[in-house]
Amino acid sequence: MDSAFGLVGKDFVIVATDCSVAYSILKLKDKEDKISLLDQNKVMALSGEQAYRLQFSDYIAKNIALNKYRNGTEFNTKECAEFVRSELAYGIRNGPFMVNCLIAGFDNNQPQLYWVDYMGTLVKSVKAAHGYAAHFVLSTLDHDYKPNLTLDEGIAIIKRCINELKTRFLISQSHFIAKIVTPAGIQVLEL
């Protein structure tokens with residue numbers, strides 16, 4: 001029942017997720033951060049079962065750090081997305097990770113957002129959503145999105161998406177967290 005969504009603005013990318021962890025009909029946690037840091041200007045928002053989500057995010061972050069240590073170069077956002085896609089596609093044949101990802105980053109003076117599903121499908125987008133949330137927030141993102149959004153406009157759209165989920169979605173998702181990737185780094189916003 002995870003919700004993950006995001007959008008690209010003029011000089012930033014915002015991704016947001018709910019903070020709840022559920023098992024069957026039980027809510028286990030209400031304050032879990034489902035957005036992992038890949039490096040100082042890249043994040044990955046994940047949705048899926050908790051064990052898969054935690055294991056996969058740790059695996060990806062550690063392998064990206066290992067690449068930097070071994071080769072002395074950092075992956076750009078597209079390379080991170082391609083690496084995630086290849087690991088998910090490989091996992092289909094060898095015990096799949098049942099996670100969906102939004103990879104956001106800022107490099108080459110450009111904000112970028114990539115949508116990756118558990119089958120290894122990769123799409124670059126300016127607005128994206130995963131989970132049941134996609135049924136509710138994509139219409140808001142389509143209606144309100146415009147190129148060259150300011151940061152305040154982007155935050156307002158994310159808040160409208162959260163309000164839409166709280167109003168229409170049967171499952172209670174009371175807490176959300178958003179991470180904003182800018183040239184200066186990553187900011188955390190609790191909603």
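Looking across the stretch 90-106, just one residue is surrounded by fewer than 19 Cβ atoms within 10 Å (Cβ to Cβ) and under 17 Å from the mean Cα position of the chain (by Cα), and that is Met98. Screening the stretch 72-111 for residues that are acidic (Asp, Glu) and touching a residue at least 12 places away in the same chain (Cβ under 8 Å) and picking the one that is nearest to Ser57 (Cα to Cα) gives Glu87. Here Ala156 clears all of (1) in a helix (DSSP H, G or I); (2) aliphatic (A, V, I, L, M); (3) crowded, with 17+ Cβ neighbours inside 10 Å except the condition numbered (3). Screening Glu87, Glu74, Glu82 for residues that are part of a loop (DSSP other than H, G, I, E, B), buried (at least 16 other Cβ atoms within 10 Å of the Cβ) and among the charged types (D, E, K, R) leaves exactly one candidate, Glu74. Taking (1) outside any loop (DSSP other than H, G, I, E, B); (2) closer than 23 Å to Glu79 by Cα in turn, Ala22 satisfies each apart from (2). Of the numbered criteria (1) in contact with a Phe, Trp or Tyr (Cβ under 9 Å, 6 or more places away or on another chain); (2) surrounded by fewer than 16 Cβ atoms within 10 Å (Cβ to Cβ), the one Asn109 fails is (1). Note down all Cβ pairs under 6 Å where the first residue falls in the stretch 112-134 and is under 17 Å from Thr77 (Cα atoms), the second is surrounded by fewer than 18 Cβ atoms within 10 Å (Cβ to Cβ) and of a type in the set (Ser, Thr, Tyr), and they're at least six residues apart or on different chains. Within 6 Å, the pairs are Leu113/Ser125; Trp115/Ser125; Lys127/Tyr145.
Readers should treat all values here as calculations from the given coordinates under stated rules, not as data from a laboratory. Remember, predicted model here, so these are calculated numbers, not experimental data. Heads up, the Cβs are rebuilt from the backbone with ideal geometry, glycines too, and the neighbour counts pull from every protein chain shown.
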